[in-house]
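To keep things clear, I will list the structure first and then write my remarks on it.
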Amino acid sequence: MSHTELTLGHELAQALREEGVGWHRPRRLLVGALALLALALSLQRWPQAVPLTVGLLLGHATTDGLCGLLARRRRTALELLLIALLLGATVGWAAEQALATQAMTAADRLTRAWLHLGFGAVMLGLPLLQGLRRLRALRRVEQDRARLRAELQMLQAQIEPHFLFNTLATLRSFIRQGSDQSLPLLDAVSSLFDIALTRARQAESTLGQECQIVEHYLAIMALRLGERLRWRLDVDDALLDLPLPPLMLQPLVENAIQHGIEPSEAGGEVLLQARRDGAGLRLSVSNGGCPLQPGAEPAGQAGHGVALANLRQRLRALHGDDATLTLATNAAGLTEATLTLPLP
């Protein structure tokens, strides 16, 4: 049996179970019986209406029960469902013939057989098609989620080596120089890796946890740059438990240092701020080092390095157009990267 047939067999069995086939729908059956009786009475006289109604109900109950037995299996075949349908239609037709008080012609009996078969097909086919459609829609959603997780993990993996390489390069330069800061820097790097490597592979983090990573990173860079780097975090404690995708803040801070503080002889201050902005969260990282060059970030679109480009892709995958990342010069003349995220 092919993979497609196996998949269809599993889908059929699961759709039957989720639609409650197998006498698990007594209320629906009662409503159907009353509706059938009303329809039969409107088309036939009483002596003919009752056998027709009883026959249709018995046929449907037989088909429903047999399909319920098939639904208990992990998978079932379409041929078995068709056999159950034919058996149910036969039982219903035979019951009507046994209860009928008036003789029928051969043409009437054939018409009744098609009526039982068509009724059974509708009563089985509609819930089955509805269940299959729902299952396949759910499968598409799950496949989209799996694809999204894979894309996010790939983008996250691209950020991690960049982050780790720069940090290790800093430690290497200290050791080569024989600096007294080598051991404190090694301790700081160990603490940073202990936190970052664990959380970088998690699907969820919090603003507070990401701020911890930023603080460790800034402490490392302060050892390297000395008085050229000053930094401050302005984050309300009430916001620390808000969810935030991992490694969203650290690349912004790293970008500010690489493109703003390091190229400047005088250095500057890196300021991280977090504020509620209506129904969203506004995160900004500003630096007072080298100013943003005109045209470096037109309309907040072009990347200012691989890190920002990856962040934009992650934001688009996670939140679509509801999240933005811009890089511009603010009112105070500082280069500012602004990240806006919707709050759950």
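Residue by residue through segment 221-242, note down the ones that are loosely packed, with under 15 Cβ neighbours inside 10 Å and at pLDDT below 90. Don't jump to the end; show me each part of the working.
Of segment 221-242, the ones loosely packed, with under 15 Cβ neighbours inside 10 Å are 226-227, 232, 234, 236-238, 241.
Correct list: G226, E227.
When only residues in segment 54-68 that are closer than 12 Å to H116 by Cβ and without any contact (Cβ under 8 Å) to a residue 40 or more places away in the chain count, which is nearest to the chain's Cα centre (by Cα)? Filtering first and then ranking leaves T62.
Do we have L272 as surrounded by 15 or more Cβ atoms within 10 Å (Cβ to Cβ) and at pLDDT 85 or above here? Spelling it out, L272 is indeed surrounded by 15 or more Cβ atoms within 10 Å (Cβ to Cβ) and at pLDDT 85 or above.
If you filter segment 291-312 down to residues that are surrounded by 14 or more Cβ atoms within 10 Å (Cβ to Cβ) and in a helix (DSSP H, G or I), you find that the one that is modelled with the lowest pLDDT is A307. Checked against the criterion of being in a helix (DSSP H, G or I), in contact with a strand residue (DSSP E or B) (Cβ under 7 Å, 6 or more places away or on another chain) and in contact (Cβ under 8 Å) with a residue 24 or more places away in the chain, segment 271-290 contains not a single residue that satisfies it. Is it fair to say Q258 is exposed (fewer than 13 other Cβ atoms within 10 Å of the Cβ), in the same structural domain as R224 (by TED's automatic domain parsing) and either among the hydrophobic types (A, V, I, L, M, F, W, C) or modelled with pLDDT under 90 (or both)? Answer is no for this residue. Looking across L341, L315, one residue alone is modelled with pLDDT of 85 or more, under 22 Å from P246 (Cα atoms) and crowded, with 20+ Cβ neighbours inside 10 Å. It is L341.
The condition of being modelled with pLDDT under 80, at negative phi and assigned to a helix (DSSP H, G or I) holds for only one of T90, T53, that being T53. Taking segment 98-113 as the range and being more than 14 Å from H60 (Cα to Cα) and either in a helix (DSSP H, G or I) or at pLDDT 85 or above (or both) as the test, the residues that pass are A98, L99, A106, A107, D108, R109, L110, T111, R112. Applying the selection to segment 79-117, what residues are small (G, A, S) and more than 13 Å from V54 (Cβ to Cβ)? The answer is A84, G88, A89, A103, A106, A107, A113. The condition of being of a type in the set (A, V, I, L, M), assigned to a helix (DSSP H, G or I) and either in contact with a helix residue (DSSP H, G or I) (Cβ under 6 Å, 6 or more places away or on another chain) or not assigned by TED's automatic domain parsing to the domain that holds A13 (or both) holds for A95.
The values are calculated or read from the model by the stated rules, or taken from the named source; none is laboratory data. As the structure is a prediction and not an experimental result, all values here were calculated from the model. Don't worry about glycine lacking a Cβ; one is built from the backbone with ideal geometry, like all the others, and counts go over all protein chains shown.
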